[in-house]
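Here the structure is laid out as structure tokens; the discussion comes afterwards.
The values are calculated or read from the model by the stated rules, or taken from the named source; none is laboratory data. The model shown is predicted, which means the values in this text are computed figures rather than measured ones. Positions of Cβ are generated from backbone atoms using ideal geometry, with glycine treated the same way; all protein chains shown enter the neighbour counts. Note: accessible area is taken over every heavy atom of the protein model, side chains too, but ligands, DNA and RNA are not part of it. Shrake-Rupley method; radii C 1.70, N 1.55, O 1.52, S 1.80 Å.
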Amino acid sequence: MPIELPESLAFNLNFLHPLLMWVLLGVSGYAMVLGIKAKKTRTGTPEQRKELIKGQFGKRHFQFGSLVLAIMVLGTFGGMAVTYLNNGKLFVGPHLLVGIAMTSLLAMAAALSPLMQAGNVIARKIHVGLNMGVMTLFLWQAVTGMQIVQKLLTPAA
């Protein structure tokens, strides 16, 4: 049985998750750009590296990656909480399952940080692969999420 919230609050809470996820998509894209620049800092020519080191891209990538993980976990569980509060159940379907999978993949990618900091190239490649998978799924989630928002905004017949 759904918890009784004031009607306007219950309705408006539905949009907190989508707004947070669009912000997260942008922050994730920026973290990816920082990661690419961090790689160029490690692998570029001496002249390129000298210039790129000033940007502290590796440090900033780590900081933004940590922020991405925190927002992803809060957004995933927050979306599920709002759905449960408003409906008394979760709607188990592709959007929910892919969101949970993305959060799990992101946690695994973050867990590789100590190995990457120790110079483990395989961990770095797995980290990149996991995060590219997450970004691909994220784009799909944006489409399915907007379809859910459309359903919320369409009056029931």
For region 114-150: of the residues being touching a residue at least 24 places away in the same chain (Cβ under 8 Å) and closer than 17 Å to GLY58 by Cα, which is most open to solvent (accessible area, probe 1.4 Å)?
VAL128
Among the residues listed as THR103, THR83, the single one being under 22 Å from LEU19 (Cβ atoms), of a type in the set (S, T, N, Q), out of contact with any Pro (no Cβ under 9 Å at 6 or more places or on another chain) and modelled with pLDDT under 95
THR83
Which of the residues that make up region 87-105 are in contact (Cβ under 8 Å) with a residue 12 or more places away in the chain, among the polar types (S, T, N, Q) and open to solvent by 40 Å² or more (accessible area, probe 1.4 Å)?
ASN87
Selection from region 29-81 of residues of a type in the set (Val, Ile, Thr) and under 18 Å from PRO114 (Cβ atoms) yields VAL68
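Hey, among LEU130, LEU90, LEU115, which residue is over 19 Å from VAL23 (Cα atoms), aliphatic (A, V, I, L, M) and not in a helix (DSSP H, G or I)?
Numbers: LEU130 fails: not in a helix (DSSP H, G or I); LEU115 fails: not in a helix (DSSP H, G or I).
Going through LEU130, LEU90, LEU115 in turn, just one is over 19 Å from VAL23 (Cα atoms), aliphatic (A, V, I, L, M) and not in a helix (DSSP H, G or I): LEU90.
Could you please let me know if LYS89 is under 30 Å from LYS151 (Cα atoms) and of a type in the set (Lys, Arg)?
Spelling it out, LYS89 is indeed under 30 Å from LYS151 (Cα atoms) and of a type in the set (Lys, Arg).
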